[in-house]
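*Asks:* Quick one: structure below, then a few questions.
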Amino acid sequence: MSMSCQRAAIAFSAVAVVTLQVLVAYADGIEPGLWKITTTTKTRGETGPPQESSKCLTADDTRDLAVTFSPVSRTVNSNCAPIERTMTGTRLNWRLTCKGQIDMELIGDFNFDSPRHYTATLRSNAAIAGVPMIDTESTLEGRWISACPQ
């Protein structure tokens, strides 16, 4: 397997995780505002240091929890099946699979446990020509910090 193919698979998975880690939603009391998201990722058995980011969300940003927290497919030379989503109470589960030059599966499990806190587990697996390239698991913790700065 060429290094460029390996880098493409890793970059694709990283983009998917980064896209997801900055999203927060409003439902059942989840509040719009400034959120701090702490992400810890484990790849090939190695856990990286926690990464922190923040995102300011307006009420308009937080209207549809299932859509806001689901991945957006941005693939080249791969076709993705429609996303499978289930929202039950305060839990959101989704799964996205893509086939083509890069075969990939993304799975998300979110628990919105209070108006100002959520946790999530994201899993991604990718393969090129049937050869596994990346297998990651990320845990996210979102905490409401304040109203959005003016």
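The values are calculated or read from the model by the stated rules, or taken from the named source; none is laboratory data. Everything numeric here is computed off the predicted structure, so don't read it as measured data. When we count neighbours, we look across all protein chains shown, and the Cβ atoms used for this are built from the backbone with ideal geometry, even at glycine.
*Asks:* Would you confirm whether any residue within the stretch 126-145 is hydroxyl-bearing (S, T, Y), in contact with an Asp or Glu (Cβ under 7 Å, 6 or more places away or on another chain) and assigned to a strand (DSSP E or B)?
*Replies:* Checked against the condition, which is being hydroxyl-bearing (S, T, Y), in contact with an Asp or Glu (Cβ under 7 Å, 6 or more places away or on another chain) and assigned to a strand (DSSP E or B), the stretch 126-145 yields no hits at all.
*Asks:* What single numbered condition from (1) polar (S, T, N, Q); (2) out of contact with any strand residue (DSSP E or B) (no Cβ under 6 Å at 6 or more places or on another chain); (3) in a strand (DSSP E or B) fails to hold for Q150?
*Replies:* (3)
*Asks:* For residues in the stretch 73-100 being assigned to a loop (DSSP other than H, G, I, E, B) and in contact with a Ser or Thr (Cβ under 6 Å, 6 or more places away or on another chain), which is nearest to P149 (Cα to Cα)?
*Replies:* I83
*Asks:* Run E46 past the list (1) within 18 Å of D135 (Cβ to Cβ); (2) in contact (Cβ under 8 Å) with a residue 12 or more places away in the chain and report the number of the one that doesn't hold.
*Replies:* Going through the list (1) within 18 Å of D135 (Cβ to Cβ); (2) in contact (Cβ under 8 Å) with a residue 12 or more places away in the chain, E46 breaks only (2).
*Asks:* Being modelled with pLDDT under 85, of a type in the set (K, R) and either surrounded by 17 or more Cβ atoms within 10 Å (Cβ to Cβ) or closer than 24 Å to W35 by Cα (or both) is the filter here; which residues of the stretch 63-119 pass it?
*Replies:* R63
*Asks:* Against the definition (more than 11 Å from the chain's Cα centre (by Cα) and modelled with pLDDT of 90 or more), how does S146 come out, yes or no?
*Replies:* Yes, satisfied.
*Asks:* Condition test on P49, is it within 29 Å of P149 (Cβ to Cβ) and at pLDDT 90 or above?
*Replies:* Spelling it out, P49 is indeed within 29 Å of P149 (Cβ to Cβ) and at pLDDT 90 or above.
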